[in-house]
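Have a look at the structure below, then the notes.
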Amino acid sequence: MPLHLSSIPCLLMALVVLSSHFCGSMAFAPTTGTSSMSTNKPSVIGMAPLISPTTTTMSAITTTTNSMSEEASPRKHEQARQDWIERSVSYYSKVMREERRRTIGQLPDVVVDTPQYQEEFVLLAKKHYFAIRKVKDGKFTQAETLYRKIIEEILHNTDEQECDHAKLAVTTLLLALLTKRMGDPKKTRSVFLQFFRIAVLEREGDTECACSAKVLQAYALFEMQQGNSFKSVELVKKALDFDKTLAPVLKWKQFRDAQHGKLKSRRQQQQHHHQRSFATQTPAP
């Protein structure tokens, strides 16, 4: 049957519709499932499943946050370390009486400004601050061990040009106060005696040292509390050899009473001695 030219457009339109239907059936296939909604959703063959914009955004935020946390962690650690060092140096400077010793010339700037002094100072500062933290936490035995170890290390280093036994004096005082707090007077006296032997009995020259004077003052107060008033007065006088500014201590009531009692006792002894001498020399009737 011959085709009229007028029917060609209709045939072409029919072919286009059939072709579209055929390609659609090849490109899409119904998904299986129990839900009626899922069966009506086509799945593109050869294409990855769609990801919602919300999921992508949250994933990116999580990744960025983790990355920032990893970068911030070393910075926080370094900041914490610097804070610890600053607190350590501040604490140790106070117990070492740095400002006063520099003011009165017992700690020359020439010594303080050396890298070796600065390095040793920071190291000792961290050790002492760690020990005092143990004391505040109630771990007295651990703190005592730390102080004794520091003293041993200091005794091996005899080059203390800035002030005789300054480092040893500070650690000794802290250890003595700790043992006193622990309720062990024998141990406390032993700590003081060790320092007395090194700083006083083995002393060379008349070098002043405010730190050593403070230890001897604390030793004197300890003996006063133990009832050894005469010994306490003598210790204060020894402390004056290291720091003349401690002279007002002898005017404290307990030391005034001790000196008065010592003087009275000495007079009684002298009077008793004279009486015995007179009785010996007097001939019998």
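Some values worked out for this structure:
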quantity: Yes/no for E208 being acidic (D, E) and either over 26 Å from the mean Cα position of the chain (by Cα) or in a loop (DSSP other than H, G, I, E, B) (or both); calculated: yes
quantity: Subset of the stretch 203-219 [buried (at least 16 other Cβ atoms within 10 Å of the Cβ) and either at pLDDT below 95 or within 23 Å of E99 (Cα to Cα) (or both)]; calculated: R203, E208, C209, A210, C211, S212, A213, K214, V215, L216, Q217, A218
quantity: Filter result for the condition that a residue is out of contact with any helix residue (DSSP H, G or I) (no Cβ under 9 Å at 6 or more places or on another chain) and either surrounded by fewer than 18 Cβ atoms within 10 Å (Cβ to Cβ) or closer than 22 Å to H128 by Cβ (or both), over H260, H165; calculated: H260
quantity: Set L168, L175: member being assigned to a helix (DSSP H, G or I), at pLDDT 95 or above and either within 22 Å of D243 (Cβ to Cβ) or touching a Gly at 6+ places or on another chain (Cβ under 9 Å) (or both); calculated: L175
quantity: Residue list for the stretch 133-156, restricted to those being hydroxyl-bearing (S, T, Y) and within 15 Å of the chain's Cα centre (by Cα); calculated: Y147
quantity: Pair list, Cβ < 6 Å and 6+ apart or interchain, from the stretch 121-139 residues that are within 16 Å of I154 (Cα to Cα) and part of a helix (DSSP H, G or I) to residues that are modelled with pLDDT of 95 or more and of a type in the set (F, W, Y); calculated: A131/Y147
quantity: Test: residue in the stretch 140-150 that is among the basic types (K, R) and either over 23 Å from L193 (Cα atoms) or modelled with pLDDT under 95 (or both); calculated: no
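The values are calculated or read from the model by the stated rules, or taken from the named source; none is laboratory data. Quick caveat, the model's predicted, so the values are computed rather than measured. Please note: Cβ atoms are built from the backbone with ideal geometry, for glycine as well, and neighbour counts cover all protein chains shown.
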